[in-house]
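The values are calculated or read from the model by the stated rules, or taken from the named source; none is laboratory data. For clarity, every value in this text was computed on a predicted model and none was experimentally measured. Don't worry about glycine lacking a Cβ; one is built from the backbone with ideal geometry, like all the others, and counts go over all protein chains shown. Just the protein is used for accessible areas: all its heavy atoms, side chains included, with ligands, DNA and RNA removed. Shrake-Rupley method; radii C 1.70, N 1.55, O 1.52, S 1.80 Å.
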Amino acid sequence: PSWILGTEGMYSWTTATLNSQFEFRASGDSIPDVEIISNSFDSNPLHLHLLGFRSARIERLSCFPLELGKASDNTSLFEVYQKIFEPTVSHGRWKSLRKQEDISHGREEIIRMLGEHHQAHWGYEPTQLLSLVKPNPNRKNHGTDYECYESNMALPCHGSCFFVATDGSIGLSPSGAKEGDYVAIFLGGNTPFLLREVVVDESKHHFELIGECFVEGKMHGEFIRRSEERRVGKECRSR
């Protein structure tokens, strides 16, 4: 429809999404079921019916532990954190009022600016440490295998944007996320989404859309492929 908000404008918040900044394809080669989408408008115009998978639930939320940026196996996670949350304001969505030119910085400058941001929070008055969470490096793919600790190695202004899920995966969430929210991957979707179950009565419930999220290891169809392999394996064993 012509009234849909585009992503080509000058406002940074219209282009600060996972879908517009990265080439993710969480659903792999799958396509949405158009028929079920069309039929959903006949039952309730305020509800959208989609097919997909609930991959896990959020087990624990905390501020983003900056130390995760040092680990080589979390490079994509830290890259997304840098571009979406802009802790250094260095990725070009901000414009110079005088020249209207993109602002960009090298790695050393980015590290310096990140240090200044951290110093602005922690370098002047004694402040209570944050309760952070990070996955156990030797975890066995379940969400309860994580470490809680007190630290100031985080930026509190970004809120509780980091999560550990019940299947051991880690990711980044929007500000409205809560522990217990589902991580869902819809057929045809580029990113995973957070859903919150809403129970109407004992026989009826639906899910509220919280927003898109980033999940390490599930952004390029990995979960869909594993689900298909498990289904094929089950069918082969049953024959």
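Between amide H atoms placed 1.01 Å from N, distances below 5 Å from residue 211 occur with 194, all of them 5 or more places distant or on a separate chain. Note on residue 57: accessible area is roughly 90 Å² with a 1.4 Å probe, heavy atoms of protein only.
Close amide H pairs (under 5 Å, H built 1.01 Å from N) link residue 60 with 164, residues at least 5 positions away or on another chain. Its Kirkwood hydrodynamic radius, worked out from the mean inverse distance over all distinct Cα pairs, puts the stretch 118-222 at 15.8 Å. Label-to-label distance, residue 20 versus residue 201, with points set 7 angstrom from Cα along the beta-carbon direction: 4.2 nm. P(r) tail, the stretch 169-209: Cα-Cα pairs separated by more than 17 Å, 38% of all pairs. What the Cβ-Cβ distance of residue 125 and residue 151 gives, at R0 = 25 Å and to the nearest 0.05, is a FRET efficiency of 0.90. Ordered by 1.4 Å accessible area with all protein chains kept, 153, 219 run largest first as 153, 219. FRET efficiency for the residue 38 to residue 178 pair, using the beta carbon distance and R₀ = 25 Å, is estimated at 0.20. Each residue of the stretch 190-207 was assigned a 3J(HN,Hα) from its phi angle through the Karplus expression (A = 6.51, B = -1.76, C = 1.60, θ = phi - 60°), giving 7, 10, x, 10, 9, 10, 10, 5, 10, 8, 7, 8, 5, 10, 9, 7, 9, 10 Hz with x at Gly and Pro.
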